[in-house]
Amino acid sequence: MKKIMMMAVAALMATVSANAQFEKGTWSLQPYVGGVISSVTNVGNFDLGDGVELKKKMTVGYIIGGEAEYQFADKFSVAAGINYTSQGCGWKDIDYWEGPIKVEVKDQSDILGYIKIPIVANYYIFKGFAVKTGVQFGFLVTSKFYAHGKAKMDVLGDGVNREVDLYGTVDMKDQYQKFDFSIPIGLSYQFKVPITIDARYQLGLTKLNKQSVDGVKDSKNSVFTLTVGYKFAL
């Protein structure tokens, strides 16, 4: 009985952990979702005066989409897909005095929404594990600057400073180029299930901003994505 149980456990582990790969000449489709960590290059810190500095940081977003893949050979395939990616740039929290008013600003971020079309070549180093690169075409759908702040001020005119919540949203779409071209480079691993884990870095090659101003030169997108997909045969 003990031997039978050990064999059953081993078989179960092999089913879960073993990887699968679609055969030569077959098509597969893979919907996926995941997270995004992004920033914008060539955007420096901003000096707001009086010792207040606005410092850039990475921002977190999401990605949802799908890819169709054709297996040309045992070790080589090509995939093309479409996705929506929420990415952008953020700034660290700041607080300062504006005369008698204390202002705290948090959650500052410029969020860009893109429809993207990636076309990538996959080379399978071993069964289920692939390295990939290709080209990606992005089309800007939305861009908004968000900020949440608090200010202590005399809002009633009675000499008492009261805390006031401040929320701001500014449409920034007209400030950015509508088209973005990037090179995706990444790795993926396909399990038996078949669940696929995919990690990619998207190297932006086109200028993001329409005009260069102080502190913002020819900026480009810098994006890392990690997705989980379910791949099935067509």
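The values are calculated or read from the model by the stated rules, or taken from the named source; none is laboratory data. None of the values given here were measured: they were computed from a predicted structure. Please note: Cβ atoms are built from the backbone with ideal geometry, for glycine as well, and neighbour counts cover all protein chains shown. With ligands, DNA and RNA removed, areas are computed over all heavy atoms of the protein, side chains included. Shrake-Rupley method; radii C 1.70, N 1.55, O 1.52, S 1.80 Å.
In this simple spin-label model, placing a label point 7 Å from the Cα along the Cα-to-Cβ direction at both residue 76 and residue 226 gives a separation of 3.2 nm. Largest to smallest in accessible area, the residues 23, 69 fall in the order 23, 69 (1.4 Å probe, all protein chains included). Put simply, the amide H of residue 219, placed in the peptide plane, has neighbours under 5 Å in 208, 209, leaving out anything fewer than 5 places away on its chain. Near residue 115: Cβ cut-off under 12 Å, other residues only, Lys/Arg at +1 and Asp/Glu at -1. The net charge is +1. If the limit is 30 Å between Cα atoms, which of 57/231; 132/192; 144/207; 92/207 go over it? The pairs that break the limit, which is 30 Å between Cα atoms, are 57/231.
Within the full protein context, the accessible area of residue 27 is estimated at about 130 Å² for a probe radius of 1.4 Å. Across the protein chains, with a 1.4 Å probe defining accessible surface, the residues 172, 58 rank 58, 172 from largest area downward. The H on the amide N of residue 231, modeled in the peptide plane, is under 5 Å from the matching H of 196, each at least 5 residues off or on a different chain.
For the range 58-144, the fraction of 1.4 Å probe accessible surface lying on carbon and sulfur atoms is 68 percent.
Computed from backbone phi, the HN-Hα couplings of the range 72-81 come to 5, 8, 4, 10, 9, 8, 10, 10, 9, x Hz, rounded to whole numbers (Karplus: 6.51 cos²θ - 1.76 cosθ + 1.60, θ = phi - 60°; Gly and Pro given as x).
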